[in-house]
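The values are calculated or read from the model by the stated rules, or taken from the named source; none is laboratory data. In this text the structure is predicted, and so the values were computed from the model without any measurement. Cβ placement follows ideal geometry from the backbone for every residue including glycine, while neighbour counts extend to all protein chains displayed. Side chains are part of the model used for accessible areas, which takes the heavy atoms of the whole protein and leaves out ligands, DNA and RNA. Shrake-Rupley method; radii C 1.70, N 1.55, O 1.52, S 1.80 Å.
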Amino acid sequence: MGLTRKQMLSVMGAAAAAPLLSGASKPRVIRRDVCVLGGGSAGTYAAVRLGDLGRSVVVVEALDRLGGHTETYHDPATGSTIDIGVVVFEDEPVVRDYFGRFDVGLARIADGGGGGGTTAYVDFRTGRPVDYTPAPPVALPAYFQEISRFGPIDTFFDLPDPVPAELVAPFADFVAKHDFGSVAPLVFNYGQGIGDVLGLPALYAINTFGLGVTRNILNGSFLTTAARDNSLIYERATAKLGEDVLLSTRALRIERSRSGVRVWVTGPGGPQVIEAKKLLVTIPPLVRTLGAVDLDSTERSVFGTFVSGAYYTSVVRLSGLPAGVGLDNVAAGTPYQLPPLPGIYSVAPTAVPGLYNVKYGSPSPLPDAVVRREIRAGIERVARSGTYPVRFEGFAVYKSHTPFELHVGPRDIAGGFYRRLNALQGRNHTYWSGAAWHSHNSTRIWTGLERLLPSIGA
Ligand SMILES: Cc1cc2nc3c(=O)[nH]c(=O)nc-3n(C[C@H](O)[C@H](O)[C@H](O)COP(=O)(O)OP(=O)(O)OC[C@H]3O[C@@H](n4cnc5c(N)ncnc54)[C@H](O)[C@@H]3O)c2cc1C
């Protein structure tokens, strides 16, 4: 037929929506104050809190569960749970209030929530051990002081105009200028998923490893759920929201007009039309993920500037590693011995013997088959090189969390990209939240939402 893939998809989307848009199938109409697109960290929190403000909501979520990047593996053999996505939360009132209202207990990671064990350092390119002892991050208090100058850029990309040159230049320059070498491996490891942390504009490293994260590391105050099951909060939010959550549901078309927002969706409830006063979009704002939305030229131009990184998580079955030993990827002969990406970040033991959480990152998206093959190949190199007699027995679960870490280039940052992005809030009856607007950090997303909610609920 000679159509491009993009043209095919737009034809398919239009075909699916056509009966709904023509009114042929008489879809049920749902009327709400706010329609929330995406029910992960941002969407779920916003829906619950808008309810507190007396606003009616409906959440449209593509998957069959709320939670997004928060995902928990339930081991069928032992009944144990392993959080394979979001693990830690900052010790902040916004976190304690949210978990408290759903009666989900929290515990400090430092008190045993982190798994413990010992770490061996391996260069996964060769499988060989690396003579490496992590330097204590002695510069962390100075780092905290230094980034304080930029304000809470871990919560909103509210950047001064002009944007400070230090935020636009590579993070490597910031580290070198301030002698923060002892902090670089920590930023890399905490910021898993953000890609080439040294090469990216410093803005992204400092947004991810910001004031809140640094404070919680210095205070040893990071939290996780006492049950080691972070999905509990989403299961309870699902129950609370009841019919206001449409799971396994796809938005076919979203139109915004002077009178409000119309969202044509299809899911287990059949075709439905949501008529709302406002739309809150919490899915990654890429032009392709927003295919259903009637983006105007300004939105299209802003979102078209974003580039996505890539992050993958899995639980693998391994034999042959001594109990409690995890493997961290450390490179021989690179700055701060950070491993090049794409690559494995770490192979971490879990509460279940024989099951290991393996995280993998790439500066740009890769086919899942390639990532699965590379995870296996990396582990097999460890055995082949004689480092450990480890044997890869298969994936218990594998998940792509891509798109991840949307970012733009240094010229765009300096040219006012984030001013243009933030100016979209409220235009076309539409508000925006999620990691791309705040940070890949649930605490920061919820903190940011608290600032946005009065406008969304007004
Ligand atoms: C492996 C991993 C570990 C992490 N660890 C931590 C951690 O320890 N602490 C921390 O604070 N943060 C962590 N993060 C960062 C995490 O990204 C944020 O905390 C937060 O979950 C991001 O929330 P969000 O709402 O932007 O995205 P998500 O939680 O991904 O929510 C987006 C939702 O939109 C849905 N969706 C997408 N497209 C559509 C569509 N077209 N229609 C309807 N629904 C759609 C998705 O299914 C998803 O449910 C981690 C992330 C990953 C991947």
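Side notes on the structure shown:
- Looking only at the range 136-146, residues that are surrounded by 15 or more Cβ atoms within 10 Å (Cβ to Cβ) and in contact with a Ser or Thr (Cβ under 6 Å, 6 or more places away or on another chain) come to 3 in all.
- Within the option set 251, 205, 237, 165, being under 23 Å from residue 340 (Cβ atoms) and of a type in the set (A, V, I, L, M) holds for one residue only, 205.
- Residues of the range 95-120 satisfying the condition of being among the hydroxyl-bearing types (Ser, Thr, Tyr), more than 16 Å from the ligand (Cβ to nearest atom) and surrounded by 18 or more Cβ atoms within 10 Å (Cβ to Cβ): none
- Given (1) open to solvent by 20 Å² or more (accessible area, probe 1.4 Å); (2) closer than 20 Å to residue 78 by Cβ, index of the condition residue 333 fails: (2)
- Entry remark, the range 292-308: residues being part of a strand (DSSP E or B) and within 12 Å of the ligand (Cβ to nearest atom) number 1 in total.
- Annotation note: of 229, 244, 296, the sole residue that is touching an Asp or Glu at 6+ places or on another chain (Cβ under 8 Å) and among the acidic types (Asp, Glu) is 229.
- Given (1) within 16 Å of the ligand (Cβ to nearest atom); (2) under 14 Å from residue 327 (Cα atoms), index of the condition residue 368 fails: (2)
- Scanning the range 243-254 for residues that are open to solvent by 50 Å² or more (accessible area, probe 1.4 Å) and in contact with a helix residue (DSSP H, G or I) (Cβ under 9 Å, 6 or more places away or on another chain) gives 250, 253.
- If the condition is being out of contact with any strand residue (DSSP E or B) (no Cβ under 7 Å at 6 or more places or on another chain) and surrounded by fewer than 20 Cβ atoms within 10 Å (Cβ to Cβ), then the range 418-454 contributes 419, 420, 422, 423, 426, 427, 450, 451, 454.
- Apart from one condition, residue 365 fits all of (1) touching a residue at least 12 places away in the same chain (Cβ under 8 Å); (2) farther than 20 Å from residue 308 by Cβ; (3) open to solvent by 60 Å² or more (accessible area, probe 1.4 Å); the exception is (2).
- Extreme residue, nearest to the ligand (Cβ to nearest atom), among residues of the range 213-237 that are among the hydroxyl-bearing types (Ser, Thr, Tyr) and part of a helix (DSSP H, G or I): 234
- Residue count for the range 62-79, restricted to those that are within 16 Å of the ligand (Cβ to nearest atom), open to solvent by 70 Å² or more (accessible area, probe 1.4 Å) and free of Cβ contacts under 8 Å to residues at least 40 places away in the same chain: 0
- Residue 301 vs. criteria open to solvent by less than 30 Å² (accessible area, probe 1.4 Å) and modelled with pLDDT of 95 or more: no
- Answer residue from the range 374-426, given it is under 30 Å from residue 321 (Cβ atoms), part of a helix (DSSP H, G or I) and β-branched (Val, Ile, Thr) and is farthest from the chain's Cα centre (by Cα) among those: 382
- Any hit, the range 187-204, residues being away from the ligand (no atom under 16 Å from the Cβ) and without any contact (Cβ under 8 Å) to a residue 12 or more places away in the chain: no
- Of the numbered criteria (1) crowded, with 18+ Cβ neighbours inside 10 Å; (2) under 27 Å from residue 316 (Cα atoms); (3) near the ligand (Cβ under 9 Å from one of its atoms), the one residue 59 fails is (2).
- Filtered by the rule that a residue be farther than 22 Å from residue 108 by Cα and open to solvent by 20 Å² or more (accessible area, probe 1.4 Å), the range 224-242 gives 238, 239, 240, 242.
- Selection within the range 423-446 - over 18 Å from residue 258 (Cα atoms) and either small (Gly, Ala, Ser) or more than 11 Å from the ligand (Cβ to nearest atom) (or both): 423, 433, 434, 435, 436, 439, 442
- Taking first residues from the range 81-94 that are on the phi < 0 side of the Ramachandran plot and near the ligand (Cβ under 6 Å from one of its atoms) and partners that are modelled with pLDDT of 95 or more and open to solvent by 30 Å² or more (accessible area, probe 1.4 Å), the Cβ contacts under 6 Å between residues at least 6 apart in sequence or on separate chains come to 85/69; 86/69.
- Which numbered condition residue 167 misses (of (1) in a helix (DSSP H, G or I); (2) open to solvent by 20 Å² or more (accessible area, probe 1.4 Å); (3) closer than 27 Å to residue 204 by Cα): (2)
- Condition met for residue 385 (within 11 Å of the ligand (Cβ to nearest atom), in contact (Cβ under 8 Å) with a residue 60 or more places away in the chain and surrounded by 14 or more Cβ atoms within 10 Å (Cβ to Cβ)): no
- The sole residue among 311, 360 that is under 30 Å from residue 419 (Cα atoms), within 16 Å of the ligand (Cβ to nearest atom), in a strand (DSSP E or B) and at pLDDT 95 or above is 311.
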